[in-house]
Amino acid sequence: MIIDGAFLLKLNQKHPNLQRCNFCIVLIIVTTKKPNIEPSTLHIELVEKCKANDRNAQMQLYRQYCDGMFCVAMRFLKNTDDAEDVLQDSFIKAFQRIGQFKGDVTFGAWLKRIVVNGSIDYLKSKHQRTVELNESYLQVAEEDDWSVEEGISMEQVNQAIEELPSKYKYVVQLFLVEGYDHSEISKILAITETASRTRLLRGKAQLKEKLKDMAYGT
């Protein structure tokens, strides 16, 4: 699919109604299964028009999702310029690959996966040059307790997650904030589900220790 120059120019411009979102962590005590919601008729029609390279339909989808996807990118990147770059690249990739969208998930969920992948790849390209550890041998025990010390604020949770090692931080953020399960996380990060569960448990343990230190001022 070809994205023409006029559309790229519009994407390059700052969206006038783009809402800057503050990074917010919601600590989930019980993880619930995400509902399987079918795409609306309007979205299906817009997607089909985009597959036919309809620029008006592309702009409609862009306007509808740009604010929400910008917030997703910001939760990872913490920088407006970087988030806007990833957002633009993600929409370009989405429209180039829109023929691969089959409607088995919502368009928003499909687009979010592209934004999340783009954000993580951007961080890796800037900061991360590490060798993956083989964690497949580790025994994993599931644990659903995400309780924290009383008096801990969302800002402190945010700070503690940011201080986690990258391989734990990404899994904690994808699971806790973005709501992905281990099957999805393993595909996004190109790791096994066992490694995803292990990193989540280790990240959660480190997160709790950091929050405990914050609560007691140590």
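Applying a threshold of 32 Å to the alpha-carbon distances of K187/K208; K93/K210; K49/K112 flags K93/K210 as lying beyond it. Put simply, when 55-67, 196-208 are sorted by average Cβ atoms within 10 angstrom per residue, most first, you get 196-208, 55-67.
How much length is gained if the chain between K93 and D81 is pulled fully straight, taking 0.36 nm per residue apart and subtracting their Cα-Cα distance, in nm to one decimal?
2.5 nm
The charge dipole of region 154-216, taken about its Cα centre with unit charges on the Cβ of Lys, Arg, Asp and Glu (plus for the first two, minus for the last two), comes to roughly 260 debye. Stretching M59 away from A215 to a fully extended chain increases their span by 51.5 nm, per 0.36 nm per residue minus the current alpha-carbon distance.
Only the coordinates and a few stated rules stand behind these numbers; no lab work does. Because the structure is a prediction, the values reported are computed rather than measured. Methodologically, a virtual Cβ is constructed for each residue, glycine included, from the backbone with ideal geometry; neighbour enumeration extends over all protein chains shown.
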